[in-house]
Each structure stands twice: as structure tokens, then as C-alpha cells.
Amino acid sequence: AIWGVSAESLPVYGSLSDAFRKAESNDSIKYIRLQKDVAENYIVSGGVFTLDLNGNTISCSDEYTLNIQEKEGEEGEETQVTLTDHSIKNSGMVICTYEGSSAIVVSNNAEAIIENGIYEGARAMDVRTTGSATIKGGVFQSDSATYATIHNNGTLLMIGGRVVAGANAASCLKTGDNSTTTIKSGKLINRANSTIGYHAGLLDLSDYST
């Protein structure tokens, strides 16, 4: 990966783990660009920055691939990660292949903003209590018969993108008791069952338009 203060200034080169560690401790690091495929999972705790997949893939076969959360012992310190892909084909991916796993987990007062890219797992994204996510674009997909493509137990705003449940999948979306879910635009595509699965909490579809 390469990183620096902006997409136009990325003078430092190292592993993706190095980039995340630097971003957690250095406010001046605002942009990380992936340079090749990596097979590993990561905890991102601290920092406000953009991760550009750049047409590459982050994959693993563990509980999650990216776990975005507030830094332990640093309550109130902002953790906000914007996931994007500026490759020509927008082919960058975050994948978790283990059954019951999540490509992205957002928890502990952290925020994820997804601009584009492809996210795939039993749960493509799991927004846990006190986590929040905004979907502006990208594709979230799952073919799990057990899990919804996106689980939300925190706060979710969808204003673009596509959430796809495959032919064998349970549903596009499952929301928990303490969740707030607002869907204004984008596509919810289920190839087998109901578009929105079992839901609790607050679910606002009043402005939803495809």
C-alpha cells in the first residue's frame, strides 16, 4: 500500500497493516491506496481516512476481513473509514469466504462510508451496536442461506449502491432491535425470497425510490 495526506500525495510505501497503524496514530494520513491483492484480516481502530481498493482484493477466511472500530481505551476519538475504488473497472473487492463471516464489520462508535467497490461474504457488512454506515455506492452480495447480505444493529443510511441476495440467500437486509435503518435510494435485489428480511428497530423507507 501507499499512503499520505491526499490521493495526489502518497510518498510512503509499506504493508496495509503498516498503513492502518500509521493512520491510527497520525492525523495527517488521509488516504491509503492498495497496490496489490492481500489475503489477511485487519482491525482498523482510529483515524479518519479513505481506503482506495484500486482494483485489488482484500480477502480472508476468518470471522471478518475488515473490522472498523473505535480505538480501545480512547473513547471519543473518531474512527471513520471511507471505502472506495478508483480503478477503471471499479473491480476492487473485500471478501470473506468463511461461512458466517463478514466482509466488513463496523462497531464501537466507528463509521464506515462506502462509495464503491464490491463486498462479499456470508454477511457482506455487519453494522453492530453503536456502529454506523453510509452506503453511497458499491455492490454488497451474499449467497448464504442463513444470513442476510447486510445485518444492521446500529445505524445504516443507504443512498445508493446495490445490495444483492443470491439465489440461495436468506434476504438482502436484517435489522436488529436497537437499529435505525434509512433507505432513500439504491437497489435491493433478492433472487429468491423477500427483499427485506425480518426487521426490528426503526426502518424508514418513506423516501425510498429505485
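Points to keep in mind about this one:
- 20 Å Cα cut-off, lysine pairs counted over the chain (separation 8 or more, or different chains): 13
- The range 1-55: C-alpha gyration tensor shape, a/c 1.5 cut-off, then a/b vs b/c: oblate
- Couplings for the range 79-92, taken from phi via the Karplus curve 6.51 cos²θ - 1.76 cosθ + 1.60 with θ = phi - 60°, read 10, 9, 10, 9, 9, 9, 8, 9, 6, 4, 9, 6, 9, x Hz in order; Gly and Pro are left as x.
- Of the trypsin sites (Lys or Arg not before Pro) found in the range 13-83, those that fall in a DSSP loop while having at most 11 other beta-carbon atoms within 10 Å are Lys36.
- C-alpha center-to-center spacing [the range 22-39, the range 174-194] in angstrom: 30
- Dipole of the range 74-210, positive direction: furthest Cα of Val127, Val163, Gln80, with charges on the beta-carbon: Val163
- Cα shape, the range 23-126, gyration tensor, a/c 1.5 rule: oblate
- Whole-Hz couplings from phi, Karplus 6.51/-1.76/1.60, listed for the range 39-46; x for Gly and Pro: 10, 6, 10, 9, 9, 10, 10, x
- Loop sites by DSSP among the GluC sites (Glu not before Pro) of the chain, restricted to those with at most 10 other Cβ atoms within 10 angstrom, leave 76-210 as the longest stretch without any of them.
- Rounded if a/c under 1.5, otherwise prolate or oblate - the chain, Cα gyration tensor axes: prolate
- Degrees between helix 16-25 axis and first principal axis of the chain (Cα, 0 to 90, nearest 10): 80
- Accessible surface of the range 17-102, 1.4 Å probe, proportion on carbon and sulfur as whole %: 41
- Entry comment: accessible area of the chain is 44 Å² per residue, from protein heavy atoms only and a probe of 1.4 Å.
The values are calculated or read from the model by the stated rules, or taken from the named source; none is laboratory data. Remember, predicted model here, so these are calculated numbers, not experimental data. Positions of Cβ are backbone-derived with ideal geometry, glycine not excepted, and every protein chain shown enters the neighbour counts. The area values use the complete protein model at the heavy-atom level, side chains included, leaving out ligands, DNA and RNA. Shrake-Rupley method; radii C 1.70, N 1.55, O 1.52, S 1.80 Å.
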